[in-house]
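Before any comments, here is the structure.
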Amino acid sequence: MKSHGPGTTSWLRPGFILLAVSLGANALRAQEMTLELDPAKTHIEFTLAATLHTVHGTFELRRGTIHFNPSTGSVSGLVIADASSGDTGNEGRDHKMHQEILESQRFPEITFTPTKFSGKVELQGDSTVQVDGIFRLHGTDHPLTLGLPVQAKGNSLSIRTHIVIPYIAWGLKNPSTFMLHVSDKVEVDITAVGRLSEPRP
């Protein structure tokens, strides 16, 4: 049997290293996933407590795309809600909300930009993950951590989350009057449905 000299071994070693690195990178890329949210199947509902009654309302999702890799915790993307779509079913109240509180003509978008992901998304069945990110409201950024119960079925992914927003502490105008006291926090419940896919090679 013909033996290979040390020179041959030295020449082959970098090739094996490059191959291992390439295979490892491909394996990580294979775990990268993209979630495209469906605005028609996504519901954003908010509740604001007041002295005489509780206000209920909704916002509409414009679009949302999230790229994540469970093996590395990397995540990117953007979720955008339409600030001008806020609706409580009362024309006068909604006019005040848009003109004085949200100023939705100046700040037409409410956004969430994910920055960190932890947990495992089961491709079938239920799981729970945590996503850290930046919540932008009224032109100002705020750190926000979301606990997300997730349900997967086929390539469809459903997400639920509950957020408490201290909007007055975040710089928005207090809508309370002498006769009507309104809570300084608004509670938001989100149910989102999207399509899960792997990136194209």
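Quick notes
- Qualifying residue in the stretch 187-197 (condition: modelled with pLDDT under 95, surrounded by fewer than 17 Cβ atoms within 10 Å (Cβ to Cβ) and in contact with a helix residue (DSSP H, G or I) (Cβ under 7 Å, 6 or more places away or on another chain)): no
- Segments classed as strands (runs of 3 or more DSSP E), wholly inside the stretch 107-201, with at least 1 members that are closer than 20 Å to residue 36 by Cβ and touching a Pro at 6+ places or on another chain (Cβ under 8 Å): 109-118, 125-137, 156-165
- Filtering the stretch 58-75 to residues that are free of Cβ contacts under 8 Å to residues at least 40 places away in the same chain and over 14 Å from the mean Cα position of the chain (by Cα) leaves 58, 60.
- Condition met for residue 63 (open to solvent by 80 Å² or more (accessible area, probe 1.4 Å), of a type in the set (D, E, K, R) and at pLDDT below 95): no
- Pairs with Cβ under 8 Å, 6+ apart, first in the stretch 165-181 and free of Cβ contacts under 8 Å to residues at least 24 places away in the same chain and surrounded by 11 or more Cβ atoms within 10 Å (Cβ to Cβ), second in a loop (DSSP other than H, G, I, E, B) and acidic (Asp, Glu): 166/184; 168/184; 174/184
- Residue 29 vs. criteria of a type in the set (D, E, K, R), under 29 Å from residue 155 (Cα atoms) and modelled with pLDDT under 95: yes
- Filter pass, residue 81 being surrounded by fewer than 17 Cβ atoms within 10 Å (Cβ to Cβ) and assigned to a strand (DSSP E or B): no
- Listed by first and then second residue, the pairs linking a residue in the stretch 76-94 that is free of Cβ contacts under 8 Å to residues at least 60 places away in the same chain to a residue that is charged (D, E, K, R) and assigned to a helix (DSSP H, G or I), with Cβ atoms under 9 Å apart and 6 or more places separating them unless they lie on different chains, are 86/94; 87/94; 88/94.
- Which numbered condition residue 141 misses (of (1) surrounded by 14 or more Cβ atoms within 10 Å (Cβ to Cβ); (2) touching a Ser or Thr at 6+ places or on another chain (Cβ under 9 Å)): (1)
The values are calculated or read from the model by the stated rules, or taken from the named source; none is laboratory data. Just so we're clear, the structure is a prediction, and the values are computed from it rather than from any experiment. Neighbour counts are summed over all protein chains in view; Cβ atoms, including those assigned to glycine, are modelled from backbone coordinates with ideal geometry. Quick note on the areas: whole protein, heavy atoms, side chains included, nothing else; ligands and nucleic acids left out. Shrake-Rupley method; radii C 1.70, N 1.55, O 1.52, S 1.80 Å.
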